[in-house]
Structure formats: C-alpha cells, structure tokens
Amino acid sequence: MNSTSRIHFFSYKSAFLFFGFILVFNFIFNRLMDAFEINKQLSLYLGNTFAISAGLTMVVCFVEGKFKNKKQATLLFLSLLAVSALVCYAIIYK
C-alpha cells in the first residue's frame, strides 16, 4: 500500500526559505506601513496574512515542486489566505 500523505512535509531548506521570507517581508512591509501611519496591528495582520499565504505557496510550488498546474496553486493560495487571515486575526486582535 503505497499511498501519499495528505499532509505536506518540507525540507529544512524550504522551512528556512519560508521563515526567511516572512522575516524579510515583515521588515519591509511594516516599515512601509509605518511610513503611511497605518495602525501597527493592522499592518501586522495584513502583512503576515499575505506573507504566510504567498510564502507557503511559493515554497510548495517552486521549491518542493508538489503542484504542476496553476489551478492547484491558485486554490492552495486562496485556501492559505483564508486560513492565515483567521489565524492571524485570532493571534493579533484577541
């Protein structure tokens, strides 16, 4: 019985790239939002929501090479966007 797991596992390189992307994105995006005098919590919420969904989609699609067509990648991005929006809201505003 050789079935694939529904849970995605990542290599150390992918995890390093993902967390590095999150860190660099937060440094740049939050400074930019501070320049426009946007609320700190809102900038953290928006920045982390998009950074997590975009970073994880890039890692899964380009580094790990798990998805081959755009429809799967788009569905992954949108589902990660919804989940990360809920989780980031719960973390930042609660």
| remark: Computed over the chain: longest principal axis from alpha-carbon atoms vs helix 12-35 long axis, angle to nearest 10 degrees, is 20
| request: Give the angle, between 0 and 90 degrees and rounded to the nearest 10, that separates the Cα long axis of helix 70-93 from the longest principal axis of the Cα atoms of the chain. | output: 40
| field | All lysines inside 21 Å of residue 94 as judged from Cα atoms, apart from same-chain residues fewer than 8 positions distant | value | 40
| Helix 40-58 versus the longest principal axis of the chain: what is the Cα-based angle in degrees, 0 to 90, to the nearest 10? | 20
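Sorting check: for 70-76, 52-58, which peptide has the highest mean count of neighbouring beta carbons within 10 Å, and how do the rest follow? Write out the running numbers ahead of the final one.
Values: 70-76: 12.7, 52-58: 19.6.
My ranking of the peptides, most packed first, is 52-58, 70-76.
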| note | the chain: relative contact order from alpha carbon pairs under 8 Å, six or more residues apart, as a whole percent, is 29
| query | Can you list the lysines whose alpha carbon sits under 27 Å from that of residue 70, skipping same-chain ones fewer than 8 residues off? | reply | 13
| How large are Rg and Dmax for the chain when only the alpha carbon atoms are used, in Å? | 15.0, 57
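Taken together, the values in this text are just the output of simple stated rules run on the coordinates, not laboratory data. Predicted model, so just to flag it, every value in this text is computed and none were measured. A quick note on method: Cβ atoms are made from the backbone with ideal geometry, for glycine too, and the neighbour counts reach across all protein chains shown.
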